[in-house]
Protein chains: 2
Amino acid sequence: MKPTLQAVADAVGVSRSTVSNAYSRPDQLSAILRERILDAARQLGYPGPNPTARSLRRGFVGSIGVLFTSQLSYAFTDPFAVRFLAGVGAAAERHGTSMLLVPLPPAVTDARRAVENAAVDGFCVYCVADEEWALDVIRQRGLPFVSTAARDDAGADERFVGIDERAAARSAAAHIAGLGHRRVALIADSVLPDAPAGPLTLAGVDQVPHPTTRDRLRGFADAFAEVGVGWAELTVVNVPGNSRTAAAAASAGLFDQPAPPTAVLAGSDVLALGVLDALAARPAHDRPPISVTGFDDVPEAAAAGLTTVRQPAEEKGRIAAELLLDPPADAAAGHVLLPTALVVRNSTGPVPRS
Amino acid sequence: MKPTLQAVADAVGVSRSTVSNAYSRPDQLSAILRERILDAARQLGYPGPNPTARSLRRGFVGSIGVLFTSQLSYAFTDPFAVRFLAGVGAAAERHGTSMLLVPLPPAVTDARRAVENAAVDGFCVYCVADEEWALDVIRQRGLPFVSTAARDDAGADERFVGIDERAAARSAAAHIAGLGHRRVALIADSVLPDAPAGPLTLAGVDQVPHPTTRDRLRGFADAFAEVGVGWAELTVVNVPGNSRTAAAAASAGLFDQPAPPTAVLAGSDVLALGVLDALAARPAHDRPPISVTGFDDVPEAAAAGLTTVRQPAEEKGRIAAELLLDPPADAAAGHVLLPTALVVRNSTGPVPRS
DNA sequence: GCTAGTCTCTGTATCGATACAGACTGGATC
DNA sequence: GATCCAGTCTGTATCGATACAGAGACTAGC
């Protein structure tokens, strides 16, 4: 059994408080006594104040949670998520705070419990799927949090860092529309919960529950509405999960239709790369010159020559953690909108004259 | 102030123990009383048992630490580290355990404190630099850990997952030697602590403190010794940190020497890619046909056509976490050696006849 | 010589829960 | 009717520290 602080106190013949001070408040005791205490501790093999007990008494833990409302192992597969994590890590480093990654079990009841049990001082919520239940639990616990997805019902005091999803998506679509494309497919993650992969019929964009997906689809639609292409004329392809292979599978059949789209707008680079994969998988003579756009500008996008919308991933993570660890006094400053930019590469081109 | 468990107990008129049981041991009380308690808790806004207090009393935390003996933000930059993390995450997910990423301040005293203060049940130690001090602290705390770097002084009971670094490195060098290369440079991370970037003189490989770097250099040397090329004839290039740009910088001057190497063996893919960058940066007419090998086989290696030694990254992380969370009864089973394989691509070729 | 003030150190209360032994009921068993 | 037992619930001890008020000892200042 490891000795406790009490054991060290007894060995030296001082009070528990004094030993505690030797570790946490060196100015509260003479240097000489402090050395005697630390020596005794070394001799006894005292491992230093128990972190859990300390946290309990102090009322804070010294670590922040990062919540992915999806499988944790997925987070490391998604290049954008990894850059986000790097940003959070950089901020955590600056503040001497640890990062707790909490895996969420598939069942919501279990997932709630996981969030309830996380020993953290606050959360960075990286939005992947529906997060409302998670925010409920966090609020219930009275913990601060920073969200990265804009929500309509967000309280004015809720901290947020993100981009104008709709405007950013619109810029990509405007580029495509400007190139003359009118038969267009939109491909996105979790368009409808539990909908199968592939094209689906959607009366309107309002039906999409996932806020980020919804906003991006809205942005795409905005640009096409402007050139006279209505929502009903757009093909929407659902992908269950933001996965390259899933996107390839879901989009494979798209180009064999009677009047195939000439451009595909993807809700993320990962999906866009999947679409490119599906095209590359076709025999060379049957490879239509489809324009493809992505979203995020992950490192792989540049290598693939993918036209995409850049958003600062690492910055997003860094600012999320900073907002959490060092909250601005001004509530308005807790709402950060990051810039985006359309990056045109060679995956997009004018609509071919047929 | 959030209500405590006591407050709920008072509200319902039962003992604290019973409320505790309502959450943690539902079989210990009648379903009907449990419902009454949970209802009251909801009404009072009780957030559920305080995770810290619970951990203190129970004696365990429900999370494992992942220790990178380098900057935490660096870990997310290194593709191999990310795959390792993904593996740890997958195992953590299976066990319902969280992962704590602990940033280590540059000063060792502070770094020790960070490890002392981490609220975890054990550590996966991902070896980047010298880790001995970290293992000391972990042992002192009496926590279990799994290491991924073989150390000479490892106790028989210490859990480990890794590869035969020396043999794996040797396989890459044997390939290069077999292609006829005799003037060769080895480039590695942290060959000597605080040594400047670039070629350095090293009496022997034993001087290298970092165990992984040392073993890989040894493996390289082994293969060349076999074809009559001694240690003194090998150029060793130091890179401070496993970084692509740093490797490019450190190796840039290498090819302007009177008798430049015809092959470069890198201690990691990241470094090898840096060497390729340095070559690509030269004007086309002055680009010698250098053979380059890497180590790890990260995703980027395939795209770059890099010949390398594959080691299973995700598997390594997964097994590290499994060994920690579900220790084998048999001590020998706690020592896992993973397979490696030489992957020959087009970054290596026969030595050019000049 | 007396009041203040500074350094050190102590003692008690507290953080918020869980473990475990034991008490109380009511029904089954013989 | 005594005994046993399973099902519920309570009470006390405990997990391992930190906060905070305050007690002594000493040095200064007047």
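The values are calculated or read from the model by the stated rules, or taken from the named source; none is laboratory data. Quick caveat: nothing in here was measured; it's all calculated off a predicted structure. Ideal geometry is used to build each Cβ from the backbone, glycine not excepted, and the neighbour counts take in all protein chains shown.
A residue that is crowded, with 18+ Cβ neighbours inside 10 Å, facing chain A (nearest Cβ under 9 Å), aliphatic (A, V, I, L, M) and touching a helix residue (DSSP H, G or I) at 6+ places or on another chain (Cβ under 9 Å) occurs somewhere in region B:56-64. The residue that is nearest to the chain's Cα centre (by Cα), among those in region B:253-291 that are part of a helix (DSSP H, G or I) and surrounded by fewer than 18 Cβ atoms within 10 Å (Cβ to Cβ), is B:Asp277. Selection over region A:176-214 of residues that are part of a loop (DSSP other than H, G, I, E, B), of a type in the set (Gly, Ala, Ser) and modelled with pLDDT of 95 or more gives a count of 1. Of all positions in region B:299-311, at least one carries a residue that is within 30 Å of A:Phe76 (Cα to Cα) and acidic (Asp, Glu).
When region A:32-85 is filtered for residues that are over 24 Å from B:Val115 (Cα atoms) and within 16 Å of DNA strand C (Cβ to nearest atom), the ones remaining, listed by number, are A:Ile32, A:Leu33.
Any residue in region A:109-120 that is in contact (Cβ under 8 Å) with a residue 60 or more places away in the chain, within 16 Å of DNA strand C (Cβ to nearest atom) and crowded, with 24+ Cβ neighbours inside 10 Å? Yes, because at least one residue in region A:109-120 is in contact (Cβ under 8 Å) with a residue 60 or more places away in the chain, within 16 Å of DNA strand C (Cβ to nearest atom) and crowded, with 24+ Cβ neighbours inside 10 Å. Residues of region B:109-121 being in contact with a helix residue (DSSP H, G or I) (Cβ under 6 Å, 6 or more places away or on another chain) and more than 7 Å from every other protein chain (Cβ to nearest Cβ), which ones? The answer is B:Arg112, B:Val115.
For A:Glu158, the conditions (1) more than 25 Å from A:Val336 (Cβ to Cβ); (2) modelled with pLDDT under 95 all hold with the exception of (1). Restricting to region B:33-55, name every residue that is more than 7 Å from every other protein chain (Cβ to nearest Cβ) and free of Cβ contacts under 8 Å to residues at least 40 places away in the same chain. If the condition is that a residue be more than 7 Å from every other protein chain (Cβ to nearest Cβ) and free of Cβ contacts under 8 Å to residues at least 40 places away in the same chain, then B:Leu33, B:Arg34, B:Glu35, B:Arg36, B:Ile37, B:Leu38, B:Asp39, B:Ala40, B:Ala41, B:Arg42, B:Gln43, B:Arg54 are the ones that fit. Applying the set (1) over 30 Å from B:Leu101 (Cα atoms); (2) touching a Lys or Arg at 6+ places or on another chain (Cβ under 7 Å); (3) not β-branched (Val, Ile, Thr) to A:Ala31 leaves exactly one unmet item: (2).
Counting the residues of region B:1-31 that are aliphatic (A, V, I, L, M), surrounded by fewer than 18 Cβ atoms within 10 Å (Cβ to Cβ) and near DNA strand C (Cβ under 7 Å from one of its atoms) gives 0. Of all residues in region A:314-335, those that are basic (Lys, Arg) have Cβ atoms under 6 Å from Cβ atoms of residues that are surrounded by 18 or more Cβ atoms within 10 Å (Cβ to Cβ), 6 or more apart or on another chain, in A:Lys316/A:Phe84; A:Lys316/A:Val161; A:Arg318/A:Gly87; A:Arg318/A:Ala90; A:Arg318/A:Ala91.
Among the residues of region B:23-52, the one identified as hydroxyl-bearing (Ser, Thr, Tyr) and within 8 Å of DNA strand D (Cβ to nearest atom) is B:Ser30. When each of A:Ser55, A:Ser20, A:Ser63 is tested for being more than 9 Å from DNA strand D (Cβ to nearest atom) and either modelled with pLDDT under 95 or of a type in the set (Ser, Thr, Tyr) (or both), the lone residue that passes is A:Ser63. Applying the criterion of being at positive phi and among the small types (Gly, Ala, Ser) to the residues of region B:163-205, the residue that is farthest from the chain's Cα centre (by Cα) is B:Gly180. Quick check, is B:Ala92 farther than 24 Å from A:Ala114 by Cα and among the small types (Gly, Ala, Ser)? Here the answer is no, as B:Ala92 does not meet what is asked. In summary, A:Ala7 fulfils each of the numbered conditions (1) closer than 24 Å to B:Asn50 by Cα; (2) more than 7 Å from DNA strand D (Cβ to nearest atom) with the single exception of condition (1).
Scanning region A:150-167 for residues that are surrounded by fewer than 21 Cβ atoms within 10 Å (Cβ to Cβ) and either among the charged types (D, E, K, R) or outside any strand (DSSP E or B) (or both) yields A:Ala150, A:Arg151, A:Asp152, A:Asp153, A:Ala154, A:Gly155, A:Ala156, A:Asp157, A:Glu158, A:Asp164, A:Arg166, A:Ala167.
Can you confirm whether region B:93-101 contains a residue that is within 12 Å of DNA strand D (Cβ to nearest atom), of a type outside the set (Gly, Ala, Ser) and either within 14 Å of chain A (Cβ to nearest Cβ) or buried (at least 23 other Cβ atoms within 10 Å of the Cβ) (or both)? Looking for residues that are within 12 Å of DNA strand D (Cβ to nearest atom), of a type outside the set (Gly, Ala, Ser) and either within 14 Å of chain A (Cβ to nearest Cβ) or buried (at least 23 other Cβ atoms within 10 Å of the Cβ) (or both), one finds none in region B:93-101, hence no.
Inclusion of A:Val309 among residues that are β-branched (Val, Ile, Thr) and either surrounded by fewer than 20 Cβ atoms within 10 Å (Cβ to Cβ) or under 30 Å from A:Thr97 (Cα atoms) (or both) is not warranted.
Pairing residues of region A:1-17 that are away from chain B (no Cβ under 14 Å) with residues that are within 12 Å of DNA strand C (Cβ to nearest atom) and in a loop (DSSP other than H, G, I, E, B), at Cβ distances under 9 Å and at least 6 apart in sequence or on separate chains, gives A:Ala9/A:Ser15; A:Val14/A:Leu29. For B:Ala91, state whether it is within 12 Å of DNA strand C (Cβ to nearest atom) and small (Gly, Ala, Ser). No; evaluated as a whole, the condition is false for this residue.
Could you tell me which of the residues B:Leu72, B:Leu85 is in the same structural domain as B:Asp136 (by TED's automatic domain parsing) and modelled with pLDDT of 95 or more? Result: B:Leu85 is the single residue among B:Leu72, B:Leu85 that is in the same structural domain as B:Asp136 (by TED's automatic domain parsing) and modelled with pLDDT of 95 or more.
Condition check for B:Ala225 on (1) surrounded by 23 or more Cβ atoms within 10 Å (Cβ to Cβ); (2) free of Cβ contacts under 8 Å to residues at least 24 places away in the same chain: one failure, at (1).
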